[in-house]
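Structure first, then comments.
All of the numbers you see were taken from the coordinates with simple rules; none came from a lab. What you are looking at is a predicted structure, and each value in this text was computed from that prediction instead of being measured. For neighbour counting, all protein chains shown are included, and Cβ atoms are generated from backbone atoms with ideal geometry for every residue, glycine included.
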Amino acid sequence: MSIRLLIAEDNYLVREGMLRLIENHPELELAGVCEDLASLMDAVGDSNADVVLTDIRMPPDFSDEGIQAAASLRESHPHIGVVVISQYDEPEYALALLEKGSQGRAYLLKERLSDLDHLVNVIRDVANGGSWIDPQVVESLVAARLRAERSPLDALTPREHEVLKEMAQGKTNAAIASSLTLTERAIEKHSNSIFSKLGLSSEKQVHRRVKAVLLLLSERG
C-alpha cells in the first residue's frame, strides 16, 4: 500500500526537485502540493494524506510555518505524520517540533533530500508513527548541552588558574606577582582576562575579585 504524501514548499526549484524524486517511487503517492501555510491547512482535510512533507519556512511570514503546521495537525489530524525539512541545524527548531510529542514527526535537513532511499525511509517511519531527527541536529544539541554543563573555569588557562588560586588566598596583585615570579602588570593582565572569561568585566574591581574567588571555591566543593 502506497503512502499518500502532501508536499508544502514555496520554492519552485526545490518543490519540483521533490516531485521528481518521488513521482516514480512505488511506495509514494502524491496527495497534493501547497506553497504556503494557509493552503497546506486547507488541503489536509481533502487530501487523505498519510504524511505531510513541509518546508520549515514558508509564506506568510517565513518564520517557522512548518513547525506551526505540525502543531496544528497534532490537534486536528493526529494520524497524519509530518516531516519538516530545513536548512537549519539549530536544535531549537527540532525541540519545538517535538514539543507536543515525537510520534509521527521528523526533522530532516534539506541536504538529505538528494538521497531518495533515506528520504523514503524517514517518510515510512513517520507514516508508521515513528520519529526521526537529523543526526547533525542531534550533534548540535549534544554540543549545546555540553557547553551549558561546562564550568566557566574551564575557559581559563593554566596560568590564569594559578592567579585565581592566589587570589583565593587573599593576596594582592603585588603578592601574587612575587609568588609567581611575574610582574604586577602581568598579573593585572591575567586578572582582567579571568574576569572577562567569567563574565565579571562590568563588576567593580573588589566585587569581581570576590565573585571569581567564590566561583572557584564553590566548584572545589
Just to confirm the filter: which trypsin sites (Lys or Arg not before Pro) across segment 163-213 are DSSP coil and have at most 14 other Cβ within 10 angstrom of their Cβ? Lys204
With a ≥ b ≥ c taken as the square roots of the eigenvalues of the C-alpha gyration tensor of segment 3-146, please select rounded if a/c is under 1.5 and otherwise prolate if a/b is larger than b/c or oblate if it is not? rounded
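Give me the number: length gained by fully extending Asn128 to Asn24, i.e. 0.36 nm times residue separation minus the C-alpha to C-alpha distance, one decimal in nm. Don't skip to the answer; put the middle values down first.
Details: separation 104, 0.36 × 104 = 37.44 nm, distance 2.13 nm.
Extra length from Asn128 to Asn24 when fully extended: 35.3 nm.
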Rounded to the nearest 10 degrees, what's the angle between the helix 135-149 long axis and the longest principal axis of the chain, both from Cα atoms, 0 to 90? 30
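State, as an integer percentage, the relative contact order of the chain based on alpha-carbon contacts under 8 Å between residues 6 or more apart.
13
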From the helices alone, meaning DSSP H stretches of at least four residues, give me the mean residue ellipticity at 222 nm for the chain, per-run term -39500 (n - 2.57), in deg cm²/dmol to the nearest 500. -16500 deg cm²/dmol
Note the angle between two axes, namely the Cα long axis of helix 205-220 and the longest principal axis of the Cα atoms of the chain, as a number of degrees from 0 to 90, rounded to the nearest 10. 70
Mind checking the angle between helix 37-47 and the chain's longest principal axis? C-alpha axes, 0 to 90 degrees, to the nearest 10. 40
Everything considered on the Cα gyration tensor (a ≥ b ≥ c; rounded for a/c under 1.5, else prolate if a/b is larger than b/c, else oblate), segment 112-221 must be described as prolate
Arranged by the count of other C-beta atoms within 10 angstrom, fewest first, what order do Ser39, Ser218, Ser86 take? Ser218, Ser39, Ser86
With a cap of 12 neighbouring Cβ atoms within 10 Å, and only residues DSSP puts in a loop, list the GluC sites (Glu not before Pro) found in segment 151-221. none
Under 12 Å from a label point 7 Å along Cα→Cβ of Leu113: give me every residue in segment 13-27 with its amide N that close. 13-22
Total Lys pairs in the chain closer than 30 Å by alpha-carbon, pairs eight or more apart in sequence or interchain only? 13
Contour excess over end-to-end distance, with Cα ends at His161 and Ser2 and 0.36 nm allotted per residue: 51.0 nm
